[in-house]
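See structure below.
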């Protein structure tokens, strides 16, 4: 009897959430951009640039091959990955690192006017370290940087979608 009531309440809750238009943030990955095309100022081999380009193409914006054909220009002012010691063990060896991924960018219109001023996004992740597992920890670090890159792309897309054109 109790299980039936719980199931019924769960169904009612799920139906009410679906009826009100509730969606998880970023679900669907679709953002409406305030411009038709954008030129990304990343080097061709930049993993972040490739991921951002893929996400923009999946949405409503076109990625222009050169700056002259674009409505908006995405300028990368700096992109840095850093690793800092977070804590040491009793023997003075590293126990934890802090991984940082920082991107500073701005968005200009075709005429050079700023649409979005210099914006800094910094992501942080902690990683434990063990000398006996060096290879595994290097793989974990690479995985964390990839995760931060995906998070950074989603934050960039949200900030681009929030731009108000005059």
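Read-outs: derived from the displayed coordinates by stated rules, not from any lab. Small disclaimer: the values here were computed from a predicted structure and weren't measured.
With 0.36 nm allotted per residue and the present C-alpha distance subtracted, the residue 76-residue 104 stretch has 9.5 nm of extension available. The helix-based estimate of mean residue ellipticity at 222 nm for the chain, built from -39,500 (n - 2.57) per DSSP H run of four or more residues and divided by its residue count, is -12000 deg cm²/dmol to the nearest 500. Taking the stretch 74-116, how much of its Cα-Cα pair set, in percent, is spaced more than 15 angstrom apart? Here the tail beyond 15 Å accounts for 60 percent of pairs. The equivalent ellipsoid of the stretch 72-166 has semi-axes of 36, 12, 9 Å, largest first, where each one is the square root of 5 times an eigenvalue of the Cα gyration tensor.
Could you tell me which of rounded, prolate or oblate describes the chain, using a ≥ b ≥ c as the square roots of the eigenvalues of the alpha-carbon gyration tensor, with rounded for a/c under 1.5 and, failing that, prolate when a/b is larger than b/c and oblate otherwise? Oblate. Of all DSSP bridge pairs formed entirely within the chain, close to 85 percent run antiparallel.
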